[in-house]
Amino acid sequence: MAATIDRAKRKVMLALSFASVALIYSLMLLGVYVTTSHQGLSCPDWPLCPNGFGIPAEKYLFEQIHRLVAVIAAATVGTTAAYAIKNVKNVSKTAIIAAAVISIQIGLGALIVFTKLNALIVATHLSTGVLLLAMALVTLLSAYRIRPEVKPAQ
């Protein structure tokens, strides 16, 4: 028998997991743009560019946006994992893996800056990003497959 869940909890889980997938995919697209436009070290400091929390200078714009979206994605993935642990046990394993992987991914991003674009770390960052997207997508699909509870008519 397929797992069931309260409709409201399922709806929240679907929204959180979809937001995680969308943010991770957007983050990957931003990362590809930063890399292919050779802006990878345009912002030599980590975690913030030289202007701190202010509006970034044009030369730091995409790198700063990439880092900002990474923080938002990490918070969303972490929230998704916490919600899954508390309310939707059936999808909590992949959500927890995604939360762990995004933490590793952020660390690899920092290493890329500190090592001045070491090729092995850049390749590891890319492949870990694909794993992260896969875990978030499996979480979304698993949440989608859970059937909402049908309340009996009164």
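The values are calculated or read from the model by the stated rules, or taken from the named source; none is laboratory data. Everything numeric here is computed off the predicted structure, so don't read it as measured data. Cβ atoms come from the backbone with ideal geometry, glycine included; neighbour counts cover every protein chain shown.
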Filter the range 1-41 down to residues that are hydrophobic (A, V, I, L, M, F, W, C), touching a helix residue (DSSP H, G or I) at 6+ places or on another chain (Cβ under 9 Å) and part of a loop (DSSP other than H, G, I, E, B), then give me how many there are. 3
Can you tell me which residue among Pro44, Pro56 is outside any helix (DSSP H, G or I), surrounded by fewer than 13 Cβ atoms within 10 Å (Cβ to Cβ) and not small (Gly, Ala, Ser)? Pro44
Over the range 77-89, the set of residues of a type outside the set (A, V, I, L, M, F, W, C) and within 14 Å of Met135 (Cα to Cα) is Gly78, Thr80
From the set of residues in the range 28-60 that are at pLDDT 85 or above and more than 15 Å from Ala110 (Cβ to Cβ), which is farthest from the chain's Cα centre (by Cα)? Ser37
Conditions (1) farther than 21 Å from Trp46 by Cβ; (2) surrounded by fewer than 17 Cβ atoms within 10 Å (Cβ to Cβ): number failed by Thr115: (1)
From the set of residues in the range 61-77 that are without any contact (Cβ under 8 Å) to a residue 40 or more places away in the chain, buried (at least 18 other Cβ atoms within 10 Å of the Cβ) and of a type outside the set (Gly, Ala, Ser), which is nearest to Leu41 (Cα to Cα)? Glu63
Pick out the one residue from Ala119, Ala99, Ala123 that is of a type in the set (A, V, I, L, M, F, W, C) and under 19 Å from Phe18 (Cα atoms). Ala99
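Are any residues in the range 1-27 in contact with a strand residue (DSSP E or B) (Cβ under 6 Å, 6 or more places away or on another chain) and surrounded by fewer than 14 Cβ atoms within 10 Å (Cβ to Cβ), and if so, which ones?
Those that are in contact with a strand residue (DSSP E or B) (Cβ under 6 Å, 6 or more places away or on another chain) and surrounded by fewer than 14 Cβ atoms within 10 Å (Cβ to Cβ): Ala2, Thr4, Arg7.
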